[in-house]
Amino acid sequence: NNMSNNSSSIFTSPSSTRLVTIIAQVDHGKTTLADNLIASNGIISERLAGTVRYLDSLEEEQRRGITMRTSAIALQHHYADPKNKQQNKDKFVVHLLDSPGHMDFSSE
């Protein structure tokens, strides 16, 4: 089956997958950090990082300037060991979660 050969290349192995959750109090820069990480992948411009609030997709979040619901995005990260310049860069998928800073997380 040709389809099964192609589909396996789009999935990342668990050893190359990381989950990063940003948790902090209100107005401590969670969304600004998320925007900067997203900009590092070229999804938004570095100039707009911290102001576009990319993961705040609800109209009310944009209007009020606060994160109201946890949002996620998958980013690419290429890691090169600084001690081994000859080594190829390891490729990772980072699942980034930006969380609100004002609620109980038991429902998420």
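Please treat every number below as a calculation from the coordinates, not as lab data. As the structure is a computational prediction, the values presented were derived from the model and not from experiment. Cβ: placed from backbone, ideal geometry, glycine included. Neighbour counts: every protein chain shown.
Which of the three applies to the range 8-52, rounded, prolate or oblate, going by the alpha-carbon gyration tensor with a ≥ b ≥ c and a/c under 1.5 meaning rounded? Could you put the intermediate results ahead of the total?
Numbers: a/c = 4.47, a/b = 1.55, b/c = 2.89.
Because a/c hits 1.5 or more and a/b fails to exceed b/c, the range 8-52 counts as oblate.
Per 0.36 nm of contour for each residue apart, how much would the distance between residue 17 and residue 89 grow if the chain were fully extended, relative to their Cα-Cα spacing?
Details: separation 72, 0.36 × 72 = 25.92 nm, distance 1.46 nm.
Gain in length upon complete extension: 24.5 nm.
Check cross-link reach from residue 30 to the lysines: straight Cα distance under 28 Å, and skip same-chain residues fewer than eight apart.
Within reach: 89, 91.
So what's the gap between the Cα centers of the range 70-86 and the range 37-53, to the nearest angstrom?
Measuring centre to centre over Cα atoms gives 17 Å.
Out of residues 5 or more away from residue 75 or on other chains, whose amide H comes under 5 Å of its own, with H placed 1.01 Å from N in the peptide plane?
94, 95, 96
What does the charge count near residue 48 come to, summing +1 for each Lys or Arg and -1 for each Asp or Glu among other residues with Cβ under 15 Å from its Cβ?
On the way: positive: 47, 53; negative: 35, 46, 56.
Once all neighbours under 15 Å are counted, the net charge is -1.
Against the empirical 2.2 N^0.38 Å scaling, what ratio does the C-alpha Rg of the range 14-91 come to?
Dividing the Cα radius of gyration by 2.2 N^0.38 Å gives 1.31.
Residues with amide H under 5 Å of residue 21's amide H, sequence separation 5 or more or different chain, H placed in the peptide plane at 1.01 Å from N; which?
Those lying under 5 Å, H to H, from residue 21 are 97.
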